[in-house]
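A short write-up of the structure that comes next.
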Amino acid sequence: MARDPPPPNIQISEILPLIEEVRRANGRFVPNIGIPSATKQKEEVIIERVMEHCGFKTGMAFVLGYALGGAFGLFTAGLDTSMPSYVTGYQEQSAKVILKEMKNRAGSYAKNFAVVGAMFSATECMIETYRGKTELGNGTMAGCLTGGLLGLRAGPQAAVFGCAGFAAFSTAIDYYFRH
């Protein structure tokens, strides 16, 4: 029975330049470390970096907060039984007055949600960037800072309660979504 010849004695240092040459020729980004994964196009890497940028995250939180706040404002205005009304012999609500009140409430809620969302998102992203870790504590610290800053206008006691309340809420939400 014939045996196959032994494989040639190839050093890893001879293979690495060949792999690097193939990577450059394909124009694809392949990470050098970790478990081998699918290659990413240059454009995919750029999109990932843009979406992980603090400015993008803050802008998205602002826009989505505005939309959510507007929807929430419309919903609560529709449920409110103490909407303004006028009297002409008997109590009657004018559609024009009701729609104006709904618009005002939706706009107010939208602005508030947008500001709070942007503040929290920017704070959390900056903390995460500074610490270099993605963990539950980042949301807790960002919640405390955001809640404290929002409550500060009403005084130091409100700032402390705002810090504790917002930190607890953001920690609970983060914990729920991570586990």
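The values are calculated or read from the model by the stated rules, or taken from the named source; none is laboratory data. It should be emphasised that the depicted structure is a prediction, and the values quoted were computed from it without experimental measurement. Cβ sites come from the backbone with ideal geometry, for glycine too, and all protein chains shown count toward neighbours. What goes into the accessible areas is simple: the full protein's heavy atoms, side chains included, and nothing from ligands, DNA or RNA. Shrake-Rupley method; radii C 1.70, N 1.55, O 1.52, S 1.80 Å.
A Förster radius of 45 Å combined with the Cβ-Cβ distance from VAL45 to TYR175 puts the calculated FRET efficiency at roughly 0.90.
Near LYS40, the amide H atoms lying under 5 Å from its own belong to PHE29; only residues 5 or more places off or on other chains count, and H is placed 1.01 Å from N. Residues THR134, THR76 ordered from highest to lowest accessible area at a 1.4 Å probe: THR134, THR76. The spacing between the stretch 108-179 and the stretch 42-77, judged by their C-alpha centroids, is 16 Å. Under 18 Å of direct C-alpha separation, and excluding same-chain neighbours fewer than eight residues apart, LYS57 reaches these lysines: LYS111, LYS133. According to the calculation over all Cα-Cα pairs in the stretch 43-179, the P(r) per 5 Å bin from zero is 2, 10, 12, 16, 17, 13, 10, 7, 6, 4, 2, 1, 0, 0 %.
Report the local net charge at ASN138: Lys and Arg +1, Asp and Glu -1, summed over other residues whose C-beta lies under 12 Å from its C-beta.
Local net charge: -1.
Just want to confirm a number: the relative contact order over the stretch 135-178, from Cα pairs under 8 angstrom separated by 6+ residues, in percent.
Averaging sequence separation for qualifying contacts and normalising by length gives 44 percent for the stretch 135-178.
In a fully extended conformation the segment linking LEU136 and SER94 would gain 10.2 nm over its present Cα-Cα distance, using 0.36 nm per residue.
Taking a ≥ b ≥ c as the square roots of the Cα gyration tensor eigenvalues, with a/c under 1.5 meaning rounded and otherwise prolate when a/b beats b/c, else oblate, which class fits the stretch 120-179? Judged from the Cα gyration tensor, the stretch 120-179 comes out oblate (a/c at least 1.5, b/c at or above a/b).
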